[in-house]
């Protein structure tokens, strides 16, 4: 198994297990090329969507996401993982209920990760932003 695949598997395992945000973030480099494919860099209705660039920002992302959603209602399915050298793309679907609105979203995603020296240096996610935004909107 490649080092890239091993890091990706560890990331996914920690997220699924509900690991502490700091445990998830320790898989990332000090500086991260973080991008979420949304219409703008910040979205007021979706508190976890904002610019990020550091390991501390990654931990904050997971804390903010957990605070904004209903515990125990997350679902995730990974339908495929492609690895090519330091790059990996994870395909799947997530679902969750937004705490503030009580609305549930389901969104397909593709997550492009790049791993260098065992740390994630790129995290670009492409997802159904309209479904997520609609669930977050009052």
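Bear in mind that the values in this text are calculations on the coordinates, not laboratory data. None of these values were measured; they are calculated from a predicted model. Here Cβ is always computed from backbone atoms with ideal geometry, including for glycine, and neighbour counts include all displayed protein chains.
Miscellaneous remarks
- Shape category assigned to segment 83-128 from the gyration tensor of Cα positions, a/c cut at 1.5: prolate
- Cα gyration tensor shape for segment 31-102, rounded if a/c is under 1.5, else prolate or oblate: oblate
- Computed per residue of the chain from DSSP H runs no shorter than four, each worth -39500 (n - 2.57), the mean residue ellipticity at 222 nm is -9000 deg cm²/dmol.
- Structure remark: mean-square fluctuation, Gaussian network model of the chain, C-alpha springs under 10 Å; the largest value among 76, 17, 107 belongs to 17.
- Placing R0 at 35 angstrom, the Cβ-Cβ distance between residue 91 and residue 138 gives a FRET efficiency of 0.65 after rounding to 0.05.
- Here the calculated FRET efficiency for residue 117 and residue 73, from their Cβ-Cβ distance with R0 = 30 Å, stands at 0.25, rounded to the nearest 0.05.
- Here the contact order of segment 3-136, divided by its residue count and restricted to Cα pairs under 8 Å and six or more residues apart, works out to 26 percent.
- Arranged from fewest to most other beta-carbon atoms within 10 Å of their beta carbon, 44, 65, 27 become 44, 65, 27.
- Placing pseudo-labels 7 Å out from each Cα toward the beta carbon at residue 57 and residue 103 gives an inter-label distance of 2.7 nm.
- Averaging over all projection directions, the Cα-based convex hull of segment 3-136 occupies 7.1 nm² in the image plane.
- Taking only the alpha carbons of segment 35-74, we obtain Rg and Dmax values of 10.7, 29 Å in that order.
- DSSP-defined beta bridges in segment 1-121 - what % are antiparallel, rounded to 5: 95
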